[in-house]
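The values are calculated or read from the model by the stated rules, or taken from the named source; none is laboratory data. These figures come from a predicted structure and were not determined experimentally. Backbone-built Cβ (ideal geometry, glycine too); neighbour counts: all protein chains shown. When the accessible area is computed, the model is the full protein with side chains, heavy atoms only, and any ligands, DNA or RNA have been set aside. Shrake-Rupley method; radii C 1.70, N 1.55, O 1.52, S 1.80 Å.
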Amino acid sequence: MNKQQIDKAARIERLRRVRPRFSPDRRLSAEPSRPTTAAVALPPIEVMSYGPDGFEETRAGQVEEAHQLVGRRRVTWINVNGLGDAAFLAQLGEVFGLHWLALKAVAQTDQRAKFEEYGELLFVVARMVAWNGRLETEQLSIFLGRDFVLTIQERPGDCLERVREQIREGLGRIRQAGPGYLVYALLNATIGNYFPVLEAIDERLDGLEEEVIVRPGAEVARQLHLVKAALLQLRRAAWPHREVVSRLARDEIPLLTDEVRLYLRDCYEETVQLIDLLENYREIASGLMDVYLSNVSNKTNEIMKLLTIFTAVFAPLAFITGLYGMNFNTAFGLNMPELNWPWGYPFALCLMAASVVGMLHYFRRRGWW
């Protein structure tokens, strides 16, 4: 057994003494929508080991197999594409020495962004987002050790391909840096992916702005409510990252070097910019909703004005027809002489037409029509 293997075995034994080992009798359940039977297939486990001298990428069939790859190079990144079941999470906790409280947070996928320290391991929760006509969020759990980073996703598919390409191509300084820099790269990629989502929502708002002005209707209101709900969900996902990145950049954490904290400060500025843009888009969406309500109100007022004009126009017509419809006897001189006048009917029609034209002319001069 060489010196590297001896140091690795000693480190593992020391971690097991410092931290409480995961106990299967703890109440740990996977996501409620997932079955918790032994028939569940293991989620894919991707392993990338790299250092200044190169990298290697492979898939591990078992948790123990992935753990055996730790230590071959300077940094080993184990990515688990799915939660599996409670037995699988228990196995992860046993092999990698993860605290049961951290595993409980992994299983409960509605966690806000946060970080905790468990002995010599750092646990970070981030939220990834995607836009496919509607907003989708996914929890990303990150465990940082001395020479490895373990990430657990809810399901396959993520926004971390840029980090993988940097490792494969040797871009930037990721291969020369340690595991703390990898955590920064993962957080930076996660937060950076919010911007394309905001751009998609911005395009959606541009289309709705024209619809609100030209064709306000129930469908436009429904789409605006969906966009506002997506922005609210984005806000709930993005805001906690600000505090997490700020604390990671500010606190004295042994697993994060001063250089990594410098990069995290830049990530913090990007997070602040993201939140500012998010708040601007929420104001735009609220403004569009106000414009929509104003247009609907104006349209209602125009309809009421038109109906009022019709009512006002027909009021004298009803009066004239009612007056001449009394049909009083003409035996006395004070009764209606037009009843026996040959031009009485044309006179009544002309009188009604004149009243209509006169009222419409009056409404137009006053600007009511």
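Do the conditions hold for R247, that is, is it within 26 Å of G178 (Cβ to Cβ), open to solvent by 80 Å² or more (accessible area, probe 1.4 Å) and either in contact with a Gly (Cβ under 7 Å, 6 or more places away or on another chain) or in contact (Cβ under 8 Å) with a residue 40 or more places away in the chain (or both)? Walk me through it before giving the result.
Values: within 26 Å of G178 (Cβ to Cβ): yes; open to solvent by 80 Å² or more (accessible area, probe 1.4 Å): yes; either in contact with a Gly (Cβ under 7 Å, 6 or more places away or on another chain) or in contact (Cβ under 8 Å) with a residue 40 or more places away in the chain (or both): yes.
For R247, the condition - within 26 Å of G178 (Cβ to Cβ), open to solvent by 80 Å² or more (accessible area, probe 1.4 Å) and either in contact with a Gly (Cβ under 7 Å, 6 or more places away or on another chain) or in contact (Cβ under 8 Å) with a residue 40 or more places away in the chain (or both) - is met.
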Collect the residues in region 320-355 that are β-branched (V, I, T), modelled with pLDDT of 70 or more and in contact with a Leu (Cβ under 7 Å, 6 or more places away or on another chain), keeping them in residue-number order.
I320
So which residues in region 280-308 are touching a residue at least 12 places away in the same chain (Cβ under 8 Å) and either under 18 Å from V214 (Cα atoms) or within 19 Å of the chain's Cα centre (by Cα) (or both)?
Y281, R282, I284, A285, S286, L288, M289, V291, Y292, N295, V296, K299
Just wondering, is there one or more residues in region 74-90 that are open to solvent by 30 Å² or more (accessible area, probe 1.4 Å), at pLDDT 85 or above and not in a helix (DSSP H, G or I)?
yes
If you scan region 91-129, which residues turn out to be of a type in the set (G, A, S) and either within 16 Å of L186 (Cβ to Cβ) or assigned to a loop (DSSP other than H, G, I, E, B) (or both)?
G97, A113, G119, A126
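In this structure, does R127 turn out to be surrounded by fewer than 20 Cβ atoms within 10 Å (Cβ to Cβ) and either closer than 23 Å to L248 by Cβ or modelled with pLDDT under 90 (or both)? Even if it seems obvious, please write down each step before you answer.
Numbers: surrounded by fewer than 20 Cβ atoms within 10 Å (Cβ to Cβ): no; either closer than 23 Å to L248 by Cβ or modelled with pLDDT under 90 (or both): yes.
For R127, the condition - surrounded by fewer than 20 Cβ atoms within 10 Å (Cβ to Cβ) and either closer than 23 Å to L248 by Cβ or modelled with pLDDT under 90 (or both) - is not met.
Looking only at residues in region 196-219 that are among the acidic types (D, E) and either open to solvent by less than 30 Å² (accessible area, probe 1.4 Å) or under 15 Å from N132 (Cα atoms) (or both), which one is farthest from the chain's Cα centre (by Cα)? Lay out the reasoning, then the answer.
So the first thing to find is which residues in region 196-219 are among the acidic types (D, E), and the list is 199, 202-203, 206, 209-211, 219.
Then drop every residue that is not either open to solvent by less than 30 Å² (accessible area, probe 1.4 Å) or under 15 Å from N132 (Cα atoms) (or both), which leaves 199, 202-203.
Working: E199: 12, D202: 13, E203: 15 Å.
This residue is E203.
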Candidate set from region 162-195 (those that are crowded, with 17+ Cβ neighbours inside 10 Å and of a type in the set (F, W, Y)); member that is nearest to N280 (Cα to Cα)
Y194
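Given the structure, is I152 under 30 Å from L69 (Cα atoms), touching a helix residue (DSSP H, G or I) at 6+ places or on another chain (Cβ under 9 Å) and among the aliphatic types (A, V, I, L, M)? Full working, then the answer.
Numbers: under 30 Å from L69 (Cα atoms): yes; touching a helix residue (DSSP H, G or I) at 6+ places or on another chain (Cβ under 9 Å): yes; among the aliphatic types (A, V, I, L, M): yes.
Taking the combined requirement at face value, the residue satisfies it.
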Counted residues, region 60-73 - those being touching a strand residue (DSSP E or B) at 6+ places or on another chain (Cβ under 6 Å) and open to solvent by 60 Å² or more (accessible area, probe 1.4 Å):
2
Within region 130-145, how many residues are in a strand (DSSP E or B), in contact (Cβ under 8 Å) with a residue 40 or more places away in the chain and either open to solvent by less than 10 Å² (accessible area, probe 1.4 Å) or within 21 Å of L98 (Cβ to Cβ) (or both)?
4
Restricting to region 176-196, and then to whatever is out of contact with any helix residue (DSSP H, G or I) (no Cβ under 7 Å at 6 or more places or on another chain) and of a type in the set (A, V, I, L, M), can you tell me which residue is nearest to G54 (Cα to Cα)?
A177
If you go through region 94-122, how many residues are modelled with pLDDT of 90 or more, of a type in the set (D, E, K, R) and within 26 Å of the chain's Cα centre (by Cα)?
4
